[in-house]
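Right, one structure below, let's go through it.
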Amino acid sequence: MKTHNDIAYRFLLAEGFLGEAEVDFSMKRWRACVSGSILCIENCGIAVLMLFGVSRSTHHPEKHLPQLLAEGTVSDEVALLIRELLPELEQHDSHEKMLAKYGREAAHQSPWEIFSENQAEAAISGARKSLAVSRKLREILEPAVPD
């Protein structure tokens with residue numbers, strides 16, 4: 001069952017990974033920027049799923065969010081925001097995460113050889129967008145919790 005603290009923790013993770021990705025981008029560490037951006041995007045997707053009561057143990061929000069849309073039980077406003085989030089989740093998926101960790105082993109291409117400034121810029125842009133969209137969804141879906 002979802003709790004405010006579990007959702008808040010996912011946002012904390014997303015914000016932390018985005019912060020690291022921002023530093024990595026400024027230092028031209030493209031692989032690290034992509035990796036941090038991917039983790040931000042993934043945690044945003046998980047946080048959104050948790051707003052709907054889906055388990056925090058999933059690492060593939062890009063597979064579960066379309067199911068929510070297909071059910072037709074969300075408002076048009078929420079559906080529009082989920083549709084805005086999905087491309088980022090799909091583009092920066094587990095395959096890209098594996099490349100950032102291990103490179104292309106069969107070709108002996110390290111992760112540092114794979115990612116360029118353009119890819120880092122796309123990833124960090126996706127992370128920024130994902131965090132902004134997931135925050136909007138949180139405002140709509142999560143009832144205010146007293147401090």
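Every number in this text was worked out from the coordinates using simple rules, so none of it is lab data. This is a predicted model, so every value here is computed, not measured. In this analysis, Cβ positions are derived from the backbone assuming ideal geometry, glycine residues included, and neighbour counts consider all displayed protein chains.
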Which of the numbered conditions does N43 fail, given that it passes all the others? Conditions: (1) at positive phi; (2) of a type outside the set (A, V, I, L, M, F, W, C); (3) within 12 Å of the chain's Cα centre (by Cα). (1)
Here are I7, I38: which of them is in contact (Cβ under 8 Å) with a residue 40 or more places away in the chain, out of contact with any Cys (no Cβ under 6 Å at 6 or more places or on another chain), surrounded by 15 or more Cβ atoms within 10 Å (Cβ to Cβ) and within 18 Å of H95 (Cβ to Cβ)? I38
Could you list, in sequence order, the residues of the range 10-35 that are more than 16 Å from A132 (Cα to Cα) and of a type outside the set (A, V, I, L, M)? E20, D24, F25, S26, K28, R29, W30, R31, C33, S35
Here is a list of conditions, (1) more than 12 Å from the chain's Cα centre (by Cα); (2) polar (S, T, N, Q); (3) in a helix (DSSP H, G or I), and S35 meets all of them except one; can you say which number that is? (1)
Condition check: within 17 Å of the chain's Cα centre (by Cα) and either surrounded by 15 or more Cβ atoms within 10 Å (Cβ to Cβ) or not in a loop (DSSP other than H, G, I, E, B) (or both). Does V23 satisfy that? no
